[in-house]
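> Here's a structure for you.
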Amino acid sequence: MKKILLLTMMCFLALFGNVRAQETIEIGEDKAPAGGYNLPVYDYNQYSISQQIYTEAEMEGKTGNITDVSFRLSSSKSASVKRTYAVYIKSTDLTAFADGNSFFQLSESDKVFEGQVELPATADSWFAINFDNPFKYEGGNIMLCVYDKTGSQNTSAYSMFYQYSTTESASIHKNVWGNTPLNVSSLSDGTVVA
């Protein structure tokens, strides 16, 4: 049985090696135009977080420094939207999340970016998050976490992103209304995307 949504569709991870030039890896095979609003974040809420597992096979067996990640919007809005994101990456042996309490607990040492990003207004537009601290990828699976910590609703129109299907439950997310930010070191009660 096919599971819906492993990762945000058409995610690019730029890898650098010591000898080779920059390479871009496009993840996602059946890039259907359907969009979803929970991955990588749901900006209609004050706070939103997702964690997605990328396998070594999806990384095409390449190694090097991951310096950025890009996502493709499937929806349009009347104007671009600025949000505050934090991005974390960790190595893992896991390929899927067992349940809604399976979040990776994160620390400052896992953070590769924190700052403002601008989501374009036009559908089919890409936006990149250039990391403050590249992640040294040495092979294996990784977990990518995107946390929208803006603290306010996107009232113009929430963003939707391209997605693709897989057989694993390799994504988990949580959205919060209210004034209480999420604590990345003690996450629970999420929704596994299966």
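The values are calculated or read from the model by the stated rules, or taken from the named source; none is laboratory data. Keep in mind that this is a model prediction, so the values were computed, not measured. Please note: Cβ atoms are built from the backbone with ideal geometry, for glycine as well, and neighbour counts cover all protein chains shown. Side chains included, ligands, DNA and RNA excluded: accessible areas come from the protein's heavy atoms. Shrake-Rupley method; radii C 1.70, N 1.55, O 1.52, S 1.80 Å.
> Under the rule a/c < 1.5 gives rounded, and otherwise a/b versus b/c splits prolate from oblate, where does segment 124-170 land using the Cα gyration tensor?
Taking the square roots of the gyration eigenvalues as a ≥ b ≥ c, segment 124-170 is oblate.
> Turning to a different aspect of this structure: Rounded to the nearest whole Å², what accessible area per residue is found for segment 108-194 with the 1.4 Å probe?
Details: 4000 Å² over 87 residues.
Heavy-atom SASA per residue in segment 108-194 reads 46 Å².
> Can you work out the PRE-style zone for Glu23? Point 7 Å along Cα to Cβ, and I want the residues of segment 132-152 with backbone N under 17 Å.
135-142
> Continuing with this model, one more query. So what is the orientation-averaged projected area of segment 137-194, using the convex hull of its C-alpha atoms, in nm²? Mind dumping the intermediate values first?
Details: hull surface 24.1 nm².
With the hull built on Cα positions only, its mean projection is 6.0 nm².
> With N denoting the number of residues in segment 90-194, provide Rg(C-alpha) divided by 2.2 N^0.38 Å, to two decimal places.
The value comes to 1.16.
> Here's something else I'd like to know. Report the label-to-label distance for Glu114 and Thr167 in nanometres (one decimal), using points 7 Å from each Cα along the Cα→Cβ vector.
4.0
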